[in-house]
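Please read the structure below before turning to the comments.
The values are calculated or read from the model by the stated rules, or taken from the named source; none is laboratory data. All figures in this text were calculated on a predicted structure; none of them were measured in a lab. All Cβ positions, even for glycine, are placed from backbone atoms using ideal geometry, and neighbour counts span all protein chains on display. Accessible surface areas use protein heavy atoms only, side chains included; no ligands, DNA or RNA. Shrake-Rupley method; radii C 1.70, N 1.55, O 1.52, S 1.80 Å.
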Amino acid sequence: MKNLSLKKLFIIVFGILYFTNSTLAQTEDNDKFNPFKQDAKMQYYNKDGYDIDLPYAFEKVYRACVKAIEENGCQIMQESYNQTDEGLYKGKVFSDYCVFIGKCDTTLDAIKRYSVKEPTIRGGVWVNGRIQYKFVLKELENGNTHLKLKGEISGREDYVTAKVHFWESCGIFEHDIIEKIKSILAGD
């Protein structure tokens, strides 16, 4: 009698585990082939760059861009601004190439995480991954500032090509630095 109830208990537990496991497998398969599922990595991607109108004066936004780049541990490669014939300011701030991953076992994983499509180099050994920020600012007639940001990922592959390659960013870095600029502007 005791053996019979243990067998029933074993069958019930095994059945529950089997049913739960098969349900989870079906859910994963359905998610994998769901055409409406949004890729979390690509949620910020914009092929044409990132445009935003900020309700702040040109000089304040310009300084915030410089400060955000420097707070990310990067240097400024180029910065300039001038006035148009209409008396409005326009300018640009370009960062130097900011290394986000050095030579380690996870370099390729980090490159894949921040890239739309990284270069495929069979047998390649990536020694670093870098991002460059390019801000273009324009003062609007209402006193606000239009900010356009374009980011570019690059990395050096040492084993096969021994060259630096450039490709498109998926937008994560751009989203983060725009949020940092907004935070700097709100804090000033």
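Tabulated results
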{"item": "3J(HN,Hα) from dihedral phi, region 80-90, Karplus parametrisation 6.51/-1.76/1.60, rounded to Hz, x for glycine, proline", "result": "6, 8, 7, 9, 7, 4, 7, x, 9, 8, 9"}
{"item": "Rounded, prolate or oblate (a/c below 1.5 giving rounded, otherwise prolate when a/b exceeds b/c) for region 79-188 by Cα gyration tensor", "result": "prolate"}
{"item": "Solvent-accessible heavy-atom area per residue, rounded to whole Å², over region 126-179 at 1.4 Å", "result": "43"}
{"item": "√(5λ) per eigenvalue of the Cα gyration tensor, region 104-159, largest first, Å", "result": "35, 9, 9"}
{"item": "Integer Hz, Karplus 6.51/-1.76/1.60 couplings in order for region 160-166, x for Gly and Pro", "result": "8, 9, 6, 9, 8, 10, 10"}
{"item": "FRET efficiency, 1/(1 + (r/R0)^6) with R0 41 Å, evaluated for D85 and D48 via beta carbons", "result": "0.95"}
{"item": "Region 51-109 - Rg over Rh from alpha carbon coordinates, Kirkwood radius", "result": "1.14"}
{"item": "FRET E, pair V13, A162, Förster distance 41 Å, beta-carbon r, rounded to 0.05", "result": "0.10"}
{"item": "Rounded if a/c under 1.5, otherwise prolate or oblate - region 123-188, Cα gyration tensor axes", "result": "prolate"}
{"item": "Relative packing of peptides 76-88, 119-131, 102-114 - highest average C-beta neighbours within 10 Å first", "result": "119-131, 102-114, 76-88"}
